[in-house]
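The values are calculated or read from the model by the stated rules, or taken from the named source; none is laboratory data. Note that this is a predicted model, so its numbers are computed, not measured. Using ideal geometry, Cβ is built from the backbone for each residue, glycine included, and neighbour counts are taken over all protein chains shown. To get the accessible areas, we keep the full protein, side chains included, count just its heavy atoms, and leave off ligands, DNA and RNA. Shrake-Rupley method; radii C 1.70, N 1.55, O 1.52, S 1.80 Å.
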Amino acid sequence: MDARSSRYHETYARWQRDPVAFWGEAAADIDWFEKPKAVFDAKAGIYGRWFTGGVCNTCFNAVDRHIDAGRGDQAAIIYDSPLAGAKRTITYHRLLTETQVLAGMLRDLGVQKGDRVILYMPMVPEAVIGMLACARIGAIHSVVFGGFAARELATRIDDAKPKVILSASCGLEPGRIVAYKPLLDEAIKLAVHKPDACLILQRPQAQAALIEGRDRDWAAMRDYALVHARSAYDCVPVEATDPLYILYTSGTTGRPKGVVRDNGGHMVALKWSMQYLYGVEPGEVYWAASDVGWVVGHSYIVYAPLLHGCTTILYEGKPVGTPDAGAFWRVIAEHGCAAMFTAPTAFRAIKKEDPQGKLLAQYDLKKFRTLFLAGERADPDTVQWAEKLLNVPVLDHWWQTETGWCIAGNPVGLGTLPVKYGSATVPMPGYDVRVVDEAGKGVAPGKTGSIVVKLPLPPGCLPTLWQADTRMRESYLDEFPGCYKTADAGFRDEEGYISVMGRTDDIINVAGHRLSTGGMEEVLAAHPDVAECAVLGIKDELKGEVPCGFIVLKSGVNRPPAEIEKECIALIREKIGPVASFRLAIAVARLPKTRSGKILRGTIKKIADGEEWQMPATIDDPAILDEIGSALKVKGVGS
Ligand code: COA
Ligand code: AMP
């Protein structure tokens, strides 16, 4: 489409002229028990709060109201699991019943409004029902991704202090069953805070031993609750500003940040995005191939499609190997998806297995209109490959756990703008995006700088971190006064298109999963033979980036370095989890540093990525970089 025929510019300008009128209008798409007293209260919270005085319930808007509108028999969730060999369709009627029943069970376990509930669950419908049931009774859920190890779960238990934990006997990965229950037991052992109860879903693939007095069997409790259902399972009214959930994400240290999401602003923003950004109608099928443990899963597997009255797909499988690289085409064709959202890495995996896209010929994707990519920069090669194969627009968009929805994207519902490869396109209404230098001064178009968003952030974005207002200010607001620091670097061109090139901190993006290299360094440094270490992200053809750890052994350690490298790899898997994809540990004699002692990570990365690099003027001993280059070569990395 021609940029002039899109309504984007006029819509963005309308928001700029009067943000309160803009979001006030968007809020009319939500059912409120009591209308907000103010669309935005600049004096509330850290940078102001959205829809103060509004009383609502997210579960009511995602489920109950669709029944009143006649969608009861429509599929709300299609569960499709090639890993379990199972498929299940859950109508809005059934979703209401299941949510009410689970809400009652949570109440019986003592969960009250404002209490926290952790979910450590695989991609099964009960995970979605669990989130909605919490929302229904005003409890705050916190979903922890299943690929994290016990120690990571323990950290989150201690921060969120859940009354109850919902979990399952196992998750399923290709070729292996991941027993969740031992990880849960270990996490509770490690944590200082102990939950009152754990509700365990026994999956047919593995039965977990239950601990008496603490663990409850999900199915048995549900059967009882179904018979003894009470009216108390109605939606509990909450303030628009009350937290709906906490989602932990990597910070610069091993201690994750608890991103808080509110109820009112979140609903308004997500509902708006379904219509205007994704261009999807109520009743259509929408598929986000992610995991409920990530923000994409929260926003676009669960809340946004359901708030919009769509059918959402819950896919427990991979893009390749379950059973082949045609899996995505099968799901789109079989369920009639209108739009799909995934990470570029998934398409790189498909492209690698089936470069000609031959498997597509078996499927009819007639209802499929748009592919959305996010989670990492969409490399032009992958975008063009997917465009050619699928013959639909392939649109990159940029967002973060903190924002909960897209910062910059291509608004299909307003009229798709021309695609510029490598760019996430333009800021969404609500985001005043600026590219600045270190002093916070705007840089010229085309010049790379830090990307910041002028406060206030729009509805749906984090109002704060869980019980950590100071950390919120320090992490995001102090460095560029009046702005939110995205910690991403990039540039804006003359036409306002934004390209996001990478992080300004030590966060890396591995297969679209956000990880902290600082967190990995903390684990490696705890190895008894490691004196010093540095972890950095290096280029990977499939996953975008993978971590690579350099270790310097303590003097006097006589064991073979290869043995210690192996132990380091195992240690990261044990302490952080398989999701870290940490497979490269390299023992070196010393690390290259500046004269003031700072490790030259940027230069090491360039060497590992086979890029051109220059000797830093401040380097302490230039010979060390050659040693690093040689050590990388031995492992088959670098030029
Ligand atoms: N529970 C337990 N383990 C898990 C897990 C979970 N929920 N999810 C991943 N893992 C494990 C994997 O089995 C793998 O273990 P391994 O080291 O024994 O092989 C490890 O964590 C790394 O997982 P991942 O990075 O996903 O790599 P992969 O090789 O299994 O798959 C892709 C690579 C590209 C196919 C996959 O990452 C993918 O489909 N990504 C795109 C969609 C997506 O998840 N996006 C996220 C944000 S939008
Ligand atoms: P997460 O919080 O896990 O969603 O990760 C957010 C980070 O992923 C961002 O800060 C970016 O560094 C990166 N990211 C997400 N989407 C994109 C994109 N479309 N282009 C470039 N980087 C992206």
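Bridgeable lysines around LYS635 (alpha carbons under 27 Å apart, same-chain partners fewer than 8 residues away excluded): LYS351, LYS352, LYS539, LYS543, LYS554, LYS566, LYS575, LYS593, LYS598, LYS605, LYS606.
Nearest-5 percent of antiparallel DSSP beta bridges in the chain? Restricted to the chain, the bridges split so that about 60 percent are antiparallel.
FRET efficiency for ASP324 and ASP364, Cβ-Cβ distance as r, R0 = 25 Å, nearest 0.05? After rounding to 0.05, the efficiency reads 0.90. Solvent exposure of THR322, expressed as accessible area, is near 10 Å², computed with a probe of 1.4 Å over the protein chains only. In this structure, ARG595 and ALA562 have a Cβ-Cβ separation that, at R0 = 25 Å, corresponds to a calculated FRET efficiency of about 0.20.
Translational diffusion coefficient, Stokes-Einstein: compute it for the chain using the Kirkwood radius over C-alpha pairs as Rh, at 10 °C and 1.306 mPa s, and state it as an integer in µm² s⁻¹. It comes out at roughly 63 µm²/s. Please give every one of the aspartates and glutamates within straight-line cross-link reach of LYS35, meaning a C-alpha to C-alpha distance under 14 Å, and leave out same-chain neighbours fewer than 8 residues apart. Once the sequence-local aspartates and glutamates are set aside, what remains near LYS35 is GLU25, GLU239.
So what is the relative contact order of region 521-634, in percent, for Cα pairs below 8 Å that sit 6 or more residues apart?
Normalised by residue count, the contact order of region 521-634 is 23 percent.
For the pair LEU210 and ASP158, a Förster radius of 30 Å applied to the C-beta separation gives a FRET efficiency near 0.85, rounded to the nearest 0.05. Under the criterion of Cα pairs below 8 Å and six or more residues apart, the relative contact order for region 486-575 equals 22 percent.
Computed over the chain, relative contact order equals 12 percent, with contacts defined as Cα pairs under 8 Å that lie 6+ residues apart. Candidate cross-link partners of LYS367 among the aspartates and glutamates, defined by an alpha-carbon separation under 12 Å and a same-chain spacing of 8 or more, comprise GLU284, GLU334. Label reach from GLN384 (point 7 Å along Cα→C-beta): in region 325-359, amide nitrogens under 17 Å belong to 348, 351-352, 355-357.
If each residue of separation counts as 0.36 nm, what is the full-extension length gain between VAL227 and SER5 once their alpha-carbon separation is subtracted? Provide the component values of the computation, followed by the final result.
Details: separation 222, 0.36 × 222 = 79.92 nm, distance 5.68 nm.
Extending this stretch completely gives an extra 74.2 nm.
Taking the three principal axes of the alpha carbon atoms in region 521-634, the coordinate ranges are 39, 39, 25 Å, sorted in descending order. The count of lysine pairs in region 72-204 that are at least 8 places apart or cross chains, and whose C-alpha atoms lie under 20 Å apart, stands at 11.
Here is how the number arises for the chain: DSSP H runs of 4 or more residues each give -39500 (n - 2.57), the sum is divided by the residue count, and the result at 222 nm is -8500 deg cm²/dmol.
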